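Have a look at the structure below, then the notes.
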Amino acid sequence: MDEITITRLGHRGDGIADGPVFAPMTLPGEVVSGKLDGDRLRDLRIVTPSDDRVSAPCRHYKSCGGCQLQHASDAFVADWKIDVVRQALAAQGLTAEFRPIVTSRPQARRRASLSVRRTKKGAMAGFHAKGSDVIIQIPDCKLLHPDLLAAIPVAEKLALIGGSRKGELNVLATLSETGLDIAVSDGKPLDEALRLALSAETETHKLARLSWDDEVIGQREPPLQRFGKALVAPPPGAFLQATPDGEAALLATVQEIVGSAAQVADLFSGCGTFALPLAERAEVHAVESDAAMIAALDLGWRRAKGLKMVSHEARDLFRRPLMPDELRRFDAVVIDPPRAGAEAQVRELAESEVSVVAFVSCNPVTFARDVRILADASYRLNWVQVVDQFRWSAHVELVAFLTRENV
Ligand SMILES: C[S@@+](CC[C@H](N)C(=O)[O-])C[C@H]1O[C@@H](n2cnc3c(N)ncnc32)[C@H](O)[C@@H]1O
């Protein structure tokens with residue numbers, strides 16, 4: 001194909017030229033050529049590189065699908081991620097002031113979802129290759145914390161024991177204060193022989209916990225995560241912020257927004273990432289749909305010393321959002337919904353008297369949709385802090401500060 005010029009990056013981090021033609025691992029302004037395969041450019045050649053192009057720090061980058069933006073400078077990625085949020089807000093007729101982005105260090109990820117397959121010689125664990133379901137090995141991965149790389153041989157051993165011949169095992173590995181916390185899915189169905197063999201692996205590899213399709217097979221010690229003064233053992237596979245750096249940045253921003261509020265609601269609270277540290281200064285009501293996560297949060301709070309009251313409820317906030325009269329007692333609300341956003345809850349917030357909102361989001365599009373609802377109810381979007389804990393990926397996370405004079 002003739003040379004074409006990349007005009008922008010898409011939401012997955014691919015370069016896009018007019019057409020549209022998708023060209024992975026390219027940057028805006030670059031002139032490229034290659035073979036057109038549908039709407040994708042393959043066998044790519046960079047004719048004129050961008051000034052923002054850098055050599056990828058990881059030797060696996062070319063093939064591994066784990067990262068999308070290692071060929072771009074940190075400054076470019078920072079501007080791009082902020083711009084993704086700016087454009088999502090603009091599409092809703094909104095503007096905001098942006099604080100400088102906070103980016104997690106390399107090798108900071110404490111959790112990885114590994115794909116594992118049995119092979120003729122044994123088993124192979126890693127990430128999927130770019131645009132394919134082929135697994136590639138990642139011994140020198142620059143994303144994962146070095147201690148997390150220890151999960152790779154464990155995952156391979158587990159596939160040998162409990163992986164089906166054809167299928168792929170998913171091994172979610174998480175670093176905890178007490179060792180590796182491993183949650184496996186898509187393996188063989190459990191029977192007594194498999195339970196016994198897997199339980200022996202918990203000991204061999206000194207795992208904090210091993211669970212298989214949500215059943216705990218072995219637990220040498222509760223896999224504890226520290227949230228401020230509290231230690232919490234999340235249920236297998238439960239949500240956790242991806243890096244300690246990212247979590248600290250999100251938490252510090254939430255704490256700054258909440259300030260000296262005495263009564264705080266933490267909506268979509270998970271296992272207490274924000275609720276438990278906030279309870280050092282305020283009484284907190286945590287709401288989350290997953291009852292096991294709420295139970296873990298509660299146990300962590302009961303065992304911690306020096307925290308104020310943390311009440312909680314397991315509640316589906318899509319179907320049963322907190323109503324304005326329930327919200328009345330809170331001085332500040334923290335809201336951190338999944339990618340779908342929190343439309344139903346935000347509609348009730350809009351009718352409430354809550355004057356301070358810390359809105360945490362991993363999806364700029366649903367975030368902007370929800371902020372539009374709040375803005376129409378006279379909330380002011382003061383600023384947005386973008387936090388990049390999915391370094392070198394196209395994911396964007398943020399905390400926004402909204403206030404309203406009581407009406
Ligand atoms: C992005 S996570 C945030 C969790 C927590 N704030 C943290 O930082 O660890 C979103 C949380 O919302 C919960 N969730 C998903 N759908 C929900 C619903 N309909 N109602 C209440 N909680 C829900 C998930 O279980 C998850 O814990």
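The values are calculated or read from the model by the stated rules, or taken from the named source; none is laboratory data. Bear in mind that the values here come from a model prediction, so they are computed numbers and not experimental data. Please note: Cβ atoms are built from the backbone with ideal geometry, for glycine as well, and neighbour counts cover all protein chains shown. SASA here: full protein model, heavy atoms, side chains in, ligands and nucleic acids out. Shrake-Rupley method; radii C 1.70, N 1.55, O 1.52, S 1.80 Å.
Its relative contact order, with pairs defined as Cα atoms under 8 Å and 6+ residues apart, puts the range 76-185 at 26 percent. For the range 310-407, the relative contact order comes to 27 percent (Cα pairs under 8 Å, sequence separation of at least 6). Mean silhouette area of the range 137-188, derived from the convex hull of its C-alpha atoms and averaged over all directions, reads 3.9 nm².
The slack in the chain from ASN170 to GLU192, taken as 0.36 nm per residue of separation less the alpha-carbon distance, amounts to 5.8 nm.
Report note on the peptides 242-251, 192-201: ranked by the mean count of other C-beta atoms within 10 Å, highest first, their order is 242-251, 192-201. Computed over protein heavy atoms with a 1.4 Å probe, the accessible surface of the chain works out to 45 Å² per residue.
Share of carbon and sulfur in the accessible area of the range 1-116 stands at 48%, probe radius 1.4 Å. Between GLU353 and ASP147, the FRET efficiency from the beta-carbon distance, with R0 = 35 Å, is close to 0.15. Summarising the strand pairing of the chain, around 65 percent of its internal DSSP beta bridges are antiparallel.
For LYS121 and ASP325 in one chain, what is 0.36 nm times their gap in residues minus the Cα-Cα distance, to one decimal in nm?
67.1 nm
The value obtained for the chain, namely the Cα convex hull volume divided by the number of residues, is 148 Å³ per residue. Look at where the Cα atoms of the range 91-111 and of the range 250-309 average out, and the two centres are 22 Å apart. In this simple spin-label model, placing a label point 7 Å from the Cα along the Cα-to-Cβ direction at both SER113 and LYS35 gives a separation of 3.1 nm. Compactness of the range 206-275 was expressed as the Cα radius of gyration divided by 2.2 N^0.38 Å, which yields 1.31. Considering only the range 257-407, what is the antiparallel percent among its DSSP beta bridges, to the nearest 5? Percentage antiparallel, nearest 5: 40. If R0 equals 25 Å, the separation of the Cβ atoms of GLN263 and ALA344 corresponds to a calculated FRET efficiency of about 0.65.
What is the percent carbon and sulfur in the accessible area of the range 134-247, measuring with a 1.4 Å probe over the protein chains and ignoring ligands? Carbon and sulfur together cover 54 percent of it. Normalising the average separation of contacting C-alpha pairs (under 8 angstrom, six or more residues apart) by the number of residues puts the relative contact order of the chain at 14 percent. Helical content of the chain, expressed as a calculated mean residue ellipticity at 222 nm, amounts to -7500 deg cm²/dmol (DSSP H runs of 4 or more residues, -39,500 (n - 2.57) each, divided by residue number, nearest 500). Pairs exceeding 32 Å between alpha-carbon atoms, taken from LYS206/LYS229; LYS157/LYS305; LYS62/LYS121: LYS157/LYS305.
If you take the alpha carbon atoms of the range 68-226 and fit the smallest convex hull around them, that volume is 164 Å³ per residue. Taking the inverse of the mean reciprocal distance over all distinct Cα pairs, the Kirkwood hydrodynamic radius of the range 1-47 comes to 10.0 Å.
Multiplying the residue separation of GLU203 and SER73 by 0.36 nm and removing their Cα-Cα distance gives an extension gain of 42.5 nm.
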